[in-house]
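The values are calculated or read from the model by the stated rules, or taken from the named source; none is laboratory data. None of the values given here were measured: they were computed from a predicted structure. Cβ: placed from backbone, ideal geometry, glycine included. Neighbour counts: every protein chain shown.
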Amino acid sequence: MNQFFESLKGVEKVMYKTAYKFHMDYHQGATEQSAHEAGINELKRLGKLREEASKPQTYIDLSTGKKFKSTENDLMAQFA
């Protein structure tokens, strides 16, 4: 498990470690294996959130009131 943890970077490392520690601290009868699974599940959840953010969504330009579709990344690049 230590090798797996060291292979993670950035947000994934933080989210895995947080889920792992939370599971160990607050689940009765927690084992290292069950905490590892909790960390993996958190990484899967994070992946789903990233996938949703990459899909086009409907936004409203507040200055004009017009609707437009864009991905979050394109929107951020447009106004950066």
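Of everything in the stretch 57-80 that is surrounded by 10 or more Cβ atoms within 10 Å (Cβ to Cβ) and among the hydroxyl-bearing types (Ser, Thr, Tyr), the residue that is nearest to Met15 (Cα to Cα) is Thr71. Taking the criterion of being loosely packed, with under 14 Cβ neighbours inside 10 Å, more than 18 Å from the chain's Cα centre (by Cα) and not small (Gly, Ala, Ser), the residues of the stretch 7-33 that qualify are Asp25, Tyr26, His27, Gln28, Thr31, Glu32, Gln33. Just to be sure before I move on: is His36 surrounded by fewer than 14 Cβ atoms within 10 Å (Cβ to Cβ), out of contact with any Gly (no Cβ under 8 Å at 6 or more places or on another chain) and at negative phi in the structure I sent? No: the conditions fail for His36. Every condition in (1) outside any helix (DSSP H, G or I); (2) touching a residue at least 12 places away in the same chain (Cβ under 8 Å); (3) of a type outside the set (Lys, Arg) holds for Ala80 except the one numbered (2).
Could you tell me whether Ser54 is hydroxyl-bearing (Ser, Thr, Tyr) and either touching a residue at least 12 places away in the same chain (Cβ under 8 Å) or exposed (fewer than 11 other Cβ atoms within 10 Å of the Cβ) (or both)? Yes, satisfied. Of all residues in the stretch 62-80, how many are modelled with pLDDT of 90 or more and either touching a Pro at 6+ places or on another chain (Cβ under 9 Å) or charged (D, E, K, R) (or both)? Total meeting the criteria: 4.
Quick grid of which residues meet (1) free of Cβ contacts under 8 Å to residues at least 12 places away in the same chain; (2) part of a helix (DSSP H, G or I); (3) of a type in the set (S, T, N, Q):
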site: Phe22; (1), (2), (3): no, yes, no
site: Gly29; (1), (2), (3): yes, no, no
site: Lys44; (1), (2), (3): yes, yes, no
site: Leu49; (1), (2), (3): yes, yes, no
site: Ser63; (1), (2), (3): yes, no, yes
